[in-house]
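Take a look at the structure set out below.
The values are calculated or read from the model by the stated rules, or taken from the named source; none is laboratory data. Note that this is a predicted model, so its numbers are computed, not measured. Glycine also receives a Cβ, built like all others from the backbone with ideal geometry; neighbour counts cover every protein chain displayed. When the accessible area is computed, the model is the full protein with side chains, heavy atoms only, and any ligands, DNA or RNA have been set aside. Shrake-Rupley method; radii C 1.70, N 1.55, O 1.52, S 1.80 Å.
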Amino acid sequence: MNINYDLELEKIIKENAGTKPKLLLHSCCAPCSSSVIERLLPYFEITILYYNPNIYPYEEYLKRKEEQIRFIENFDNVKFMDCDYDNDRYNVLIKGLENEPERGSRCTVCFELRLRNTAIKGKENGFQYFGTTLTVSPYKNSYLINKIGLELENEYGIKWLVSDFKKNDGYKKSILYSKEFNLYR
């Protein structure tokens, strides 16, 4: 999959002829969402979906969720959608993969779980697009994330926002925004 992510965004802008389509954007945390929101806000009506059943313990999950909410309060036009903490389901799905390294099979299962939930919620709530902030991380496989997203687009009939947000200094910008807004990392 050889995709020019900037051309994909330009294509979306042209297809929507000056209107802002609704985007359900899965976010793993406030720091990762920071530069992504800044990049996409001129082009989309953004709702952040916080669905991260992989975070443990529950107190850490709540701390990250509260930080995400605090961060998006800086924007008048970014909404927030919450999901139930679903760590039991996550643990069932990764059974036998607990010792996999970063970027291993456990990550694939986790990406698929979170992106599937985003596609379902997006479809149910009338969003035109769904996407994720995960591709801003240099530790996440953007190719794999986009592959899963495109498969879910076909399955659910909601457009996937192809991305590699770490490009064009996206990750560096997220570090700067984290400092500027004093975000919990």
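For a paramagnetic label modelled at 7 Å from the Cα of Arg185 toward its Cβ, which residues of the stretch 128-169 fall within the zone defined by backbone nitrogen distances under 19 Å?
Residues 133-141, 165-169 fall inside that zone.
Based on the Cα gyration tensor of the stretch 87-172, what are the three equivalent ellipsoid semi-axes, each the root of five times an eigenvalue, rounded to whole Å and given largest first?
That gives 21, 19, 10 Å for the three semi-axes.
By a straight-distance test (C-alpha under 20 Å), which lysines pair with Lys11 as possible cross-link partners, with residues fewer than eight away in the same chain excluded?
Lys20, Lys22, Lys147, Lys159, Lys166, Lys167
Ignoring any ligand, DNA or RNA, what whole percent of the accessible area of the stretch 1-101 comes from carbon and sulfur when the probe is 1.4 angstrom?
48
Rounded, prolate or oblate: which one fits the stretch 142-181, using the alpha carbon gyration tensor with axes a ≥ b ≥ c (rounded when a/c is under 1.5, else prolate when a/b beats b/c, else oblate)?
prolate
How far apart, in nanometres, would the label points at Glu66 and Ala17 be if each is projected 7 angstrom from Cα along the Cα-to-Cβ direction?
It works out to 4.8 nm between the two label points.
Could you check the simple spin-label distance between Glu8 and Glu100, using points 7 Å along Cα→Cβ, in nm with one decimal?
It works out to 2.1 nm between the two label points.
Take the Cα atoms of the stretch 16-94, build their convex hull, and give its volume per residue in Å³.
Taking only Cα atoms, the stretch 16-94 has a hull volume of 96 Å³ per residue.
Read through the labelled values (i) 165; (ii) 118; (iii) 134 and report the label of the one computed as volume of the Cα convex hull per residue in Å³ from the structure.
Structure-derived value, by its label: (ii).
Which far-off residues, 5 or more places away or on another chain, put their amide H under 5 Å from the one on Leu49, with H placed in the peptide plane?
Amide H to amide H, under 5 Å and 5 or more residues apart or across chains, Leu49 pairs with Leu25, His26, Ser27, Met81.
Can you list the residues, at least 5 places off or on another chain, whose amide H is less than 5 Å from the amide H of Tyr85, using H built in the peptide plane?
Correct list: empty.
Where Lys and Arg each count +1 and Asp and Glu each count -1, what net charge lies around Leu24 among other residues with Cβ under 11 Å from its Cβ?
Taking every Cβ under 11 Å from that of Leu24, the sum is +3.
Hey, if you put +1 on the Cβ of every Lys and Arg and -1 on every Asp and Glu Cβ in the chain, which of Leu144, Asn99, Gln68 ends up farthest toward the positive end of that dipole?
It is Leu144.
What is the sum of charges around Asn4, taking Lys and Arg as +1, Asp and Glu as -1, for the other residues whose C-beta is under 12 Å from the C-beta of Asn4?
Net of charged neighbours comes to -2.
What is the magnitude of the charge dipole of the chain about its Cα centre, with +1 placed on the Cβ of each Lys and Arg, -1 on the Cβ of each Asp and Glu, and no other charges, expressed in debye to the nearest 20?
Its charge dipole is roughly 280 debye.
Cβ under 13 Å from Glu66's Cβ, Glu66 left aside: what net charge do those residues give with Lys, Arg +1 and Asp, Glu -1?
-1
Express the accessible area of the chain per residue in Å², computed with a 1.4 Å probe while the remaining protein chains stay in the model.
52
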